[in-house]
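Before any comments, here is the structure.
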Amino acid sequence: MKKVLTITCAIALIALNIVVIFTAIFPSTSGFGKTATLKWSDDTVAFVEETFGHYENDYDKAVAFKNWIIDNVKYTPYNIPIIQSVDVDKVIETGEGICFEQASLFTVFCRISGIECYNIDGRAKVNFASTHSWNRFCIDGQWYEIDITHDQTAKLKNKTQYGVAEIKGLDAPDKSYNIYRTY
């Protein structure tokens with residue numbers, strides 16, 4: 001019995017290593033360990049129009065999206081699933097989500113409003129196992145970057161928020177993360 005358990009654990013460990021290596025080597029935007037598309041419902045469209053429709057320009061609207069998510073969607077860390085998916089209506093309803101769910105919500109709000117926006121996924125340069133998601137969006141040819149999860153955590157700890165930073169383009173490098181996926 002002990003030998004069977006040891007073999008089973010060894011097989012599970014090998015399988016886990018294969019998953020980690022496969023994910024690192026093949027960082028595509030769909031399939032195993034990835035999020036292919038961001039979907040939303042008519043209810044999400046109505047929510048965005050009712051909640052943010054009064055903003056007169058896209059920049060103010062994007063800042064309002066960020067602030068609304070910080071104030072209404074609690075960062076709730078949990079084990080990240082191998083295959084990521086997000087139900088934005090559920091995130092709005094429960095008021096909880098991890099970084100990729102917060103970033104996805106921001107992206108969906110922007111896209112509903114006609115603002116070009118992407119989720120950015122990266123692996124920390126100092127700790128390959130640490131992953132994170134944030135956003136980049138473009139208004140009138142100027143690219144911006146925000147990190148909702150960072151700013152929410154900073155706000156709770158009375159620390160400086162990242163805010164909205166101008167960047168040189170969608171593909172601009174990040175100082176803390178190696179970007180492996182944009183969607």
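Test of understanding: extend the Cα→C-beta vector of Lys74 to 7 Å, then name every residue of segment 101-119 with backbone N under 16 Å from that spot. Backbone N within reach: 102.
Ordering 125-135, 108-118 by mean Cβ neighbour count within 10 Å, with the highest value first, yields 108-118, 125-135. Subtracting the Cα-Cα distance of Asn67 and Lys159 from 0.36 nm times their residue separation leaves 31.6 nm of extension gain. Straight-line cross-link partners of Lys90 among the aspartates and glutamates, defined as a Cα under 13 Å from its Cα and at least 8 positions apart when in the same chain: Asp43, Glu101.
Less than 5 angstrom separates the built amide H of Tyr162 from those of Asp151, all sequence-distant by 5 or more or on a different chain.
Throughout, read-outs are computed from the coordinates displayed, never taken from laboratory work. Only a predicted model underlies this, so the values are computations on that prediction, with no experimental measurement involved. As a convention, Cβ positions derive from the backbone with ideal geometry for all residues, glycine included, and neighbour counts pool all protein chains shown.
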